[in-house]
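No value in this document is a laboratory result; all are computed from the given coordinates. Computed from a prediction, not measured in an experiment: that's the story for all the values here. Neighbour counts run over all protein chains shown; Cβ positions are idealised from the backbone, glycine included.
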Amino acid sequence: MITYQTDGISMPKIQRRKLTTWIKQVAAGYNRKVGDIAYIFCNDDKILEVNLQYLNHDYYTDIITFDYDEDDTISGDIFISLDTVRSNAEERGIAYMSELHRVIIHGILHLCGINDKGPGEREVMETSENRALALLPDLGILIE
């Protein structure tokens, strides 16, 4: 089950059912089933708090993914700072919802085993994100 929650902010204007279908479709492309995934949309203060408390990182980020996978079933908690998503979209000159969708699927790709910290991994992640994002129009999800 995929849940969408907020912590200290308003829920973004997402299409939950269509997003859930998309997430399951992307996971299936990596031969994974979806277990329990909780998206927690928050602000920069909360993501910094989570970063400090659980990862001992003293900086802001757009996403933190906690992986609870078992075998071929992906599960996890995915914290997304909408403040950072918005500022990243502005810096890159792209629409906020496009950046939000990219970050939403970024967490799923991590749960599917794709990393982005080592040599050459960032390029693999970007290719995987772009492949997943290309599926959105077919599901009728606005990505402007």
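Here are the numbers for the structure shown:
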{"quantity": "Where N is the number of residues in region 32-100, Cα Rg divided by 2.2 N^0.38 Å", "calculated": "1.22"}
{"quantity": "Exposure rule at most 13 other beta-carbon atoms within 10 Å, DSSP loop trypsin sites (Lys or Arg not before Pro): the chain longest free segment", "calculated": "14-116"}
{"quantity": "Between region 49-75 and region 1-39, the alpha-carbon center distance in angstrom", "calculated": "16"}
{"quantity": "The chain: antiparallel DSSP beta bridges as a percent of all, rounded to 5", "calculated": "30"}
{"quantity": "Sparsely packed chymotrypsin sites (Phe, Trp or Tyr not before Pro) within region 53-144, loop by DSSP, other Cβ within 10 Å at most 16", "calculated": "TYR59, TYR60, TYR68"}
{"quantity": "Net charge of neighbours whose Cβ lies under 13 Å from the Cβ of GLY8, counting Lys and Arg as +1 and Asp and Glu as -1", "calculated": "-4"}
{"quantity": "Qualifying lysines (Cα of each under 26 Å from Cα of LYS18; at least 8 residues distant if same chain)", "calculated": "LYS33"}
{"quantity": "Exposure proxy ranking, count of Cβ atoms within 10 Å, fewest first, for GLU123, GLU99", "calculated": "GLU123, GLU99"}
{"quantity": "MRE, 222 nm, helices only [DSSP H, n ≥ 4, -39500 (n - 2.57), over the chain, to nearest 500]", "calculated": "-13000 deg cm²/dmol"}
{"quantity": "Compactness of region 2-139 as Cα Rg over 2.2 N^0.38 Å, two decimals", "calculated": "0.99"}
